C-alpha cells in the first residue's frame, strides 16, 4: 500500500498548526507498513516555479523512511496558476503511483489536485482540520480579526473586497493610518451605498460562490471525507453538502513520558501558554488577566511562561515588552516546539484563544501530557476537553480569566482534582499509531472499492486484452503501479543481472565510468540546450539592446509627445483665443456691417465733404494765387503808400508850416482888422462892414482851430500809420511765398497771407479814411481859401490835391465797388465828402487867387463853413476813436 | 496442370477472425493459387481468436467468391489466443507445401506476386523472400515495428523498403525509399522481410521452431528471423516485382492492446532482439554501458516508459539466454550482417 499525504507544508511539529500533524502521522503510517509519500508546498525555495524535490525522512522511532516531495509554488508575489500546480501534482502521481491520496490540506494547491487524482482512478481521502472546504479564510475572522460564522459568504466577500482595495491588513487587524482603518471598518461592517462599492461587493460575492462551488465539486470526487472534530464534520457536511465523518487526530505520545499526578503544589502555580503572538491566540487577554490577577490583594503565587513562535516582528516585540513588565518568562522559538518539555514544566495550560479550532489539537496534546487546561469556551475546546480536566472562560474576557487563574492557584484541592482527572484522561489518549491504523483500514477499503476504475494505461477500460497478452500485461501492470524510485531500482537490478548473464567481469565503478564517458541523449540534449541557451543569451542581449534603444526612443518619443502636448495646448489656447477673437470679430463684423450700412451714407457725405474740401482747397489755392497776386499788388501799393506817406509827411510839414504861416497871417489880419474896426468905431460910417468882417474873422479863427485839431489828429494817425505799415511790411516779408519766413506748412502760409491781406485791407481802409480825411481837410481848406485866402494858399491846396491823387492807387472802379459793398451811409458820406472838393477843385482850377486878394466872399461861404466845421468836428471826434479801436 | 519442378506453396493466413480483414486477403490469396494452377497449393487460415470466428467467416467469404479452389482453403484454430508467432507455426506445421507464404489477413496479394516470390526462392541460399509492400490507406499506429509508414518522403512511384540498422547501440528499423520497378527485376538482398507478407522454406522454418517465442506475443519476430538467417549466411531478399497492398487502416490486433503496453512490449522486444544477437564480449560490454546510461537518463528524466520496457526485458533474461543457445550456425556478427 502506497499513500500520498498531501499537506500545506511539511512543518516541524507545533501543536498549534494543523499542517504539522502530517509530521506525526506520516512516520506513524510508515511504521505501520504503508509506503508513505508526503507531497507539500514550499515558497521561496530559490527553485524555479513548479520544481519538485524529494527527500527521505526517517521515522525517529522505527527508522523506517518515508518520502517528502516539495513543490515550489512561488513567492508571495504570486506563482503558477492552479492548473499548472495541478498538472505538476499529476506528474507527481505518475511518478510515485500511490494507491491512495490522503489530503490533509488543499489550500496551498487548490481543488485541481483532486481532479488529477480522480483522472487517474486513484483512491482519495480528504480529512479536514479546518474550514477550507467552506472558506478560504480558514481562521473565520475578518481582516480586522472580528469573527464570522461558518458559511458566511458575505463576510468573506467583504474581506476580499477590503484587501483588494486596501492591501493586506497587518496581523494586528488594524492599519496605522486612521483613514484606511476607518475605510476598512466601513467595507467590512457598514451598509455599502456607493454604487462602485456595491458592484465590487457583488463581484467578490460571485467569486466566493464560484470558489465554493469549485471546492464542492472537487470534494464530491473524493472517495472519503473526514473532519478532525465533530463540530467541524457537522458544519462542513452542511456547508459542502457532502458527508464528513468525524475522525479525531492522534497525538504523538512517543514525545511524552507517562504522565503522573503532580505532587501537592508547594510553590507558585505554573501556567504555560503555547502559540504565536497573533491576536486571535489571546495572548493579550492572558497578559491582561495575569497582570490583574497578580495585582489583586492577597493573590496566590503564580508564574506564567509564554512559549511563542516568532511570527510578526512588530507584534512580537510588543508582546515581549508587555511580558517583561509583568515578569513573565518568555521563550521564543522558530521551527520545532518542545511541547513535551513545556508541558512537563508547568501545572496547567492556558488556551485563551479567541478562535476555536486551532486550540483543539493543543488541548488534546495537553491532556495527553496529563495537564489540565484553562481554555476559552469555544465550541472546539468544549468538544476536545472533558469538563473534569478543564476550566472554561468567556473568550476575550480578561476578568474571567484572571479570576479563574487566581481561583485555581489559590485552591490546591480543586487544582489537584483537575490535575488528577487530566492524568486519567491521558491514559485514553488516541495516539498517531492508533490513527495510522484507522487510516490503513480506510485505505484498504477505499482502494478495494476503487480498484475497478483503475487499469493499465488510458485505454485499459476500453480494451479486452487478448489472452496471449495476459502475462505481459500483468507484468506491465505491476511495473505501472511502482513508484519511479521502485521502478528505477528494478531496472538497476536488471542491469546487474544482465551483466552477470553476459558474464562480464567489469566492476560497477568501471562500467559507470564508461557510462559517463560514453555520452548519450542527455549529453546531446545538454549540448543542444547549451547551444540554445547561448543563442537565447545572445538573443536576450540583443533584445536588451533593442529594449534599451526602444526605451530611449520611447523616452524621446514621450518627450516629443510632451512637447507636442504642450504645443497642442498652446495651439488649443490659441485656437480658443482666436475662436473668441473670431467670435468677437464676427460680432464686430456684424455690428460693422450694420454700422457700415449707416456709414455708407456718412461715407457718401464724407466723400461729398472731401469733394467739397477738394473744391475748397482748389478754390483756396486759387485764392492763394489771387492773394499772392494781391499781396504782390498790395506790397507795391504799400510801397507806394509809404512813399505817399513820406510825401504826405512832407506835405503835412508843409501844411503845418503853412498853417503856422496862415496863423501868423490870420493874427496879422486880425490885428489889421482890429485896427480897422477901431478906426471904424471911431468912424461910424463903416460899422456894418466891420461887423461882417469880425464874424468872418471869428469864423476863420474857428476854422483854423479846427484845422489845427485836424493837423494833430493827422500827426497822430501818421505815427500809427507808420508803425502799422512797418508791421505790415514785416508780416509781408515773413509771409512772402518764397521769403525766408516761408514755411512748409501750407495752412500757416495761407493764414499768414490771410493775415497780411487782412492787414493790408485794414491799412487800405485806413488809407482810404486818411484820404477821405485829407480830402475833407482839402475841401475845408479850399473853402477857407475861397473865403479867405488867395494866392499861395490856393496853390498849396492844389498841391494837396496832386498829392492825394498820387496817394490813391486803387482803381476807381474798385473803389466804386468797395463803396457799393461798404456801409451805405458812410459810403454816401464819403462820396459826399469827395464830391465837394471835386466841386471846389473845379472852382480852384478856374484860377487860384493871390493871398491878398483871396479874401472870403460874403455869400456862399456860410453853408460851406458850417458843413466843414461839422465835418471837421466829426472827423476830429471819430479819428481817435478808430485809432483806439485798432 | 502440375509442374513437377515447381515448389508448392502453402499460404498461411493468421487471423483473429475479422471478416473485414479476411475479405481483403482471402480472395487475393485464392486468386493467386488459382492463377498458379498448382493443385497442391493451399491456403491455411489460422484462427487465433480463441473463439473460432474464422470457422464462420471463411465459408461465408468463400461462398461470396465462388472460386473453384475454395476447397484448397483450410481453417485451423488455436484453442486460446496464443499470438502471431504461434499461429504461424501452427499453420506451418500443418502445411504441405515446400514453401510457406505468411500473409497477414489485411494484406491483398497482387497478381503474379506469389509466382515471383516462389521463383526467388528457387535459389537454395534464399531463406526468405518478401514482396514490395504498398499501403492501401493510412497506416495505424504501432502496426508493427517493421511496418512501413505511410508515404512519408516517398514519391508516388516509390515504396518503403524497411531495413535494420544499429543506431547508438540500439536496433532501429528505417524505411528507405525504393523505386517501383518497371517489369521484372532481380531480387534485392535485404536485412529482413516484414512478416506482413513473407515466403519461407517451410521445412527450415518449422525446424527452427518458427518465429522466436522469446518475442511473443508480437513485434520484432520478422526482424529476428531475418537477422538470424543472415547470421547463418543465408539470403533474405525482397522481390520488387511482387507487390502486395497492405490495408493497414483496418481493425487489427492493436485494437486489443493498450497503447502503453504495446509500446512497452515493442521496446522490450527491441532490447531482446539486440541481446539475442550480441555476438562478442566487446559488443555485450558496449551494449551494457549504453543500456545503463539509458536507464540512468530515464530515471533522471522520470521516463517511466523506458524503465518499464527495460524491466520487462529483464524479466525474459533467462529466455534470452536460452534463445542464444539455440542459435545454430549463426557465426556472423551482427555488424557484419548489417554492414556497419
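Between residue A:325 and residue A:45, take the C-beta separation as r, use R0 = 56 Å, and let me know the FRET efficiency to the nearest 0.05.
That pair, residue A:325 with residue A:45, gives E of 0.90.
Cα centroids of segment B:303-340 and segment A:58-115: how far apart, whole angstrom?
40 Å
Express in nm, to one decimal, how much length is gained between residue A:87 and residue A:217 on full extension, taking 0.36 nm for each residue of separation and deducting their alpha carbon distance.
My answer for the length gained is 45.0 nm.
Given a Förster distance of 60 Å, report the FRET efficiency between residue A:314 and residue A:578 from their Cβ-Cβ distance, rounded to the nearest 0.05.
0.45
Averaging sequence separations of C-alpha pairs under 8 Å and six or more residues apart, then dividing by the length of segment A:284-355, give the relative contact order as a whole percent.
So the answer I get is 33 percent.
Name the shape class, rounded, prolate or oblate, that the alpha-carbon gyration tensor gives for segment A:531-602, where a ≥ b ≥ c are the square roots of its eigenvalues, rounded holds for a/c under 1.5, and otherwise prolate holds if a/b is larger than b/c and oblate otherwise.
prolate
For segment A:281-352, just say rounded, prolate or oblate: build the C-alpha gyration tensor, square-root its eigenvalues into a ≥ b ≥ c, call rounded for a/c under 1.5, and beyond that prolate if a/b exceeds b/c, oblate if not.
Judged from the Cα gyration tensor, segment A:281-352 comes out oblate (a/c at least 1.5, b/c at or above a/b).
Which of the three applies to segment A:267-387, rounded, prolate or oblate, going by the alpha-carbon gyration tensor with a ≥ b ≥ c and a/c under 1.5 meaning rounded?
rounded
If you rank B:228, B:70 by fewest surrounding Cβ atoms within 10 Å, what's the result?
Least crowded to most crowded, the residues run B:70, B:228.
From the helices alone, meaning DSSP H stretches of at least four residues, give me the mean residue ellipticity at 222 nm for chain B, per-run term -39500 (n - 2.57), in deg cm²/dmol to the nearest 500.
-12000 deg cm²/dmol
What is segment B:246-340's relative contact order, in percent, from Cα pairs under 8 angstrom and six or more apart in sequence?
The value is 40 percent.
How far is the Cα center of segment A:395-439 from the Cα center of segment A:508-552, in Å?
Cα centres, segment A:395-439 to segment A:508-552: 63 Å.
Take A:713, B:321 and order them by how many other Cβ atoms sit within 10 Å, fewest up front.
B:321, A:713
With contacts defined as alpha carbon pairs under 8 Å and 6 or more residues apart, what's the relative contact order of chain B in percent?
20 percent
Give me the number: length gained by fully extending residue A:526 to residue A:181, i.e. 0.36 nm times residue separation minus the C-alpha to C-alpha distance, one decimal in nm.
Full extension of this stretch gives 118.7 nm more.
In whole angstrom, note down how far apart the Cα centers of segment A:577-646 and segment B:80-129 are.
Cα centres, segment A:577-646 to segment B:80-129: 137 Å.
Given the peptides A:17-29, A:287-299, A:505-517, arrange them by the average over their residues of other C-beta atoms within 10 Å, most packed first.
Output ranking for A:17-29, A:287-299, A:505-517: A:17-29, A:287-299, A:505-517.
Could you line up A:122, B:33 from fewest to most neighbouring Cβ atoms inside 10 Å?
Going from least to most buried by this count: A:122, B:33.
Order the peptides B:13-25, A:161-173 from the highest to the lowest mean number of other Cβ atoms within 10 Å of their residues.
Descending mean neighbour count gives B:13-25, A:161-173.
What is the calculated FRET efficiency for residue A:561 to residue A:427, with r their C-beta to C-beta distance and R₀ = 60 Å, to the nearest 0.05?
Given R0 = 60 Å and the Cβ-Cβ separation, E is 0.15.
Quick note: the coordinates plus some simple rules give every number you see, no bench work behind them. All figures in this text were calculated on a predicted structure; none of them were measured in a lab. Glycine gets a Cβ as well: all are built from the backbone with ideal geometry, and neighbour counts include every protein chain shown.
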